[in-house]
Amino acid sequence: MTASDLPTPDYAYNLKLLGYSDQGGRPDGVQLMVNKGHAIIGHMFSDGFSVVDVRDPRNPKPVHYEPAASNTWNIHLQSHEDLLLVINARNMFAAPEFQDEKQYYTGKIGEKVGTVDAQAAPKRDWTAGMSVYDISNPAAPKRIGFMDVEGGGIHRLWYVGGRWAYASVLLDGFTDYIFVTIDMADPANPKEAGRYWLPGMNSAAGEVPEENAARAGLHHAIVHGDTAYGAWRDAGMVIMDVKDRTNPELIVHRNWSPPFGGGTHNCLPLPDRDLLVVADEAVLDNCADGIKHIWLFDIREPSNPVSISTVPIPSDADYVNKGAHFGPHNIHENRPDSLVSDQLIFATQQNAGVRVYDISNEYQPNEVAAFVPPAPARLMDGRLNRPQVIQTCDVWVSKDGIVYASDYNAGLYILEYEG
């Protein structure tokens, strides 16, 4: 694709468009990883995942599509060296009860899926667990292992090599996704090692929730050393001690919803600066769930995290009324095989595209780059009344500043940071 053939952004500065791919005709993307010059992208609506050769970022080439099992999501994945871990869960957005997306983001998801009461749980017609692939050749993933779970499945993973992986899992008997540690000593035979959940989530044990959060479930945790930083949606932030991987323990739980709108999605530690970057996901159209923020916390005292600032809200257009979701979805998570920075935060703001923030002054973050793609050529999202508006979803940044961004409908954008 020549420069003249590239899509024209709606707005951009300090992020230069290098390349674009419709991912082999499956332009819907959720989480993405880049491994040995190949972007691996989980699909929201096409099911399965795709691999795009991005060794030449100006000429990306789709090279592989791996279909999902029937009625199953593979939306999130993690790669490190020669291993790829892929979630398997019920395809929520294909289910009749979640065609109104508000139903997915509110209430106890286990009750809605029917997995809270294990005795009365519906017959499972999806695959639930974690697939393990050998990606020594990333253009040809080879499945080598699987870990089955009983329930709705795994939502998201954290794995950066070594013995341990971490997952958010909707298990039979629980109201929502909980934290699970996974022993990867034998990648062909991963095994659950330990669990942590907030009090009240274990319905099968007769627990009653202590708080009335609209959606109290773990999105995922990022683990640094022996500490796991969990984003617990409308129940806020849960920091856990995982020194004993078989018995995670609570360090602190903080929630700011209400008065703020919840949806906590990422908790990224910046250990050299004793900071934690926390993103609250915007989950409803036209900010029906309120304006969401990316927060900076001071965590010098781990048991008492203190919010000290938020990043600027994009204001170059009327994004609230543009349609679809406006506000944070994901942030670049400083994986060891990617750019690791405690000065720059790369974030997706859904209908406001990709934004880059300079947090060298943690009390006064500044936006230093932006890229807003044009409207998607077509909708992959088949749910009712979805607007044809970009929803920039995930962002991954290489050590040399090449930025990869996915979208629910609009394909893979490859950018160069010029700030």
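Values quoted throughout were computed directly from the atomic coordinates according to the rules given, and no laboratory measurement underlies them. Predicted model, so just to flag it, every value in this text is computed and none were measured. Here Cβ is always computed from backbone atoms with ideal geometry, including for glycine, and neighbour counts include all displayed protein chains.
Tell me, please, whether a residue that is under 17 Å from residue 175 (Cα atoms), crowded, with 24+ Cβ neighbours inside 10 Å and of a type in the set (A, V, I, L, M) can be found in the stretch 219-229.
No, that holds for no residue.
Say we look at the stretch 292-314 and pick out the residues that are in a loop (DSSP other than H, G, I, E, B) and of a type in the set (A, V, I, L, M, F, W, C); which of these is farthest from the chain's Cα centre (by Cα)?
So in the stretch 292-314, the residues in a loop (DSSP other than H, G, I, E, B) come out as 292-293, 299-305, 311-314.
Checking which are of a type in the set (A, V, I, L, M, F, W, C) leaves us with 299, 311, 313.
On the way: 299: 23, 311: 19, 313: 20 Å.
Only one residue fits best here, namely 299.
Conditions (1) among the hydrophobic types (A, V, I, L, M, F, W, C); (2) part of a loop (DSSP other than H, G, I, E, B); (3) under 17 Å from the mean Cα position of the chain (by Cα), marked per residue:
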residue: 46; (1), (2), (3): no, yes, no
residue: 78; (1), (2), (3): no, no, yes
residue: 88; (1), (2), (3): no, no, yes
residue: 110; (1), (2), (3): no, no, no
residue: 126; (1), (2), (3): yes, yes, no
residue: 155; (1), (2), (3): no, no, yes
residue: 160; (1), (2), (3): yes, yes, yes
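Of all residues being under 19 Å from the mean Cα position of the chain (by Cα) and part of a loop (DSSP other than H, G, I, E, B) in the stretch 242-288, which is farthest from residue 227 (Cα to Cα)? Just the residue, please.
If we take residues in the stretch 242-288 being under 19 Å from the mean Cα position of the chain (by Cα) and part of a loop (DSSP other than H, G, I, E, B), then 284 is farthest from residue 227 (Cα to Cα).
Taking the stretch 160-180, which residues are more than 20 Å from residue 200 (Cα to Cα) and surrounded by 24 or more Cβ atoms within 10 Å (Cβ to Cβ)? Walk me through it before giving the result.
At the first step, the residues of the stretch 160-180 found to be more than 20 Å from residue 200 (Cα to Cα) are 160-166.
Within the stretch 160-180, 165, 166 meet the criteria.
Identify, from the list 369, 324, the residue that is within 29 Å of residue 79 (Cβ to Cβ), among the aliphatic types (A, V, I, L, M), surrounded by fewer than 24 Cβ atoms within 10 Å (Cβ to Cβ) and touching a Gly at 6+ places or on another chain (Cβ under 6 Å).
Of the residues listed, the single one that is within 29 Å of residue 79 (Cβ to Cβ), among the aliphatic types (A, V, I, L, M), surrounded by fewer than 24 Cβ atoms within 10 Å (Cβ to Cβ) and touching a Gly at 6+ places or on another chain (Cβ under 6 Å) is 369.
For the stretch 208-267, name all the residues that are out of contact with any strand residue (DSSP E or B) (no Cβ under 9 Å at 6 or more places or on another chain) and within 22 Å of residue 102 (Cβ to Cβ).
If the condition is that a residue be out of contact with any strand residue (DSSP E or B) (no Cβ under 9 Å at 6 or more places or on another chain) and within 22 Å of residue 102 (Cβ to Cβ), then 209, 211, 212, 258, 259 are the ones that fit.
Give the residue that is surrounded by the most Cβ atoms within 10 Å (Cβ to Cβ), with candidates limited to residues of the stretch 181-195 that are part of a strand (DSSP E or B) and either without any contact (Cβ under 8 Å) to a residue 60 or more places away in the chain or of a type in the set (Lys, Arg) (or both).
182
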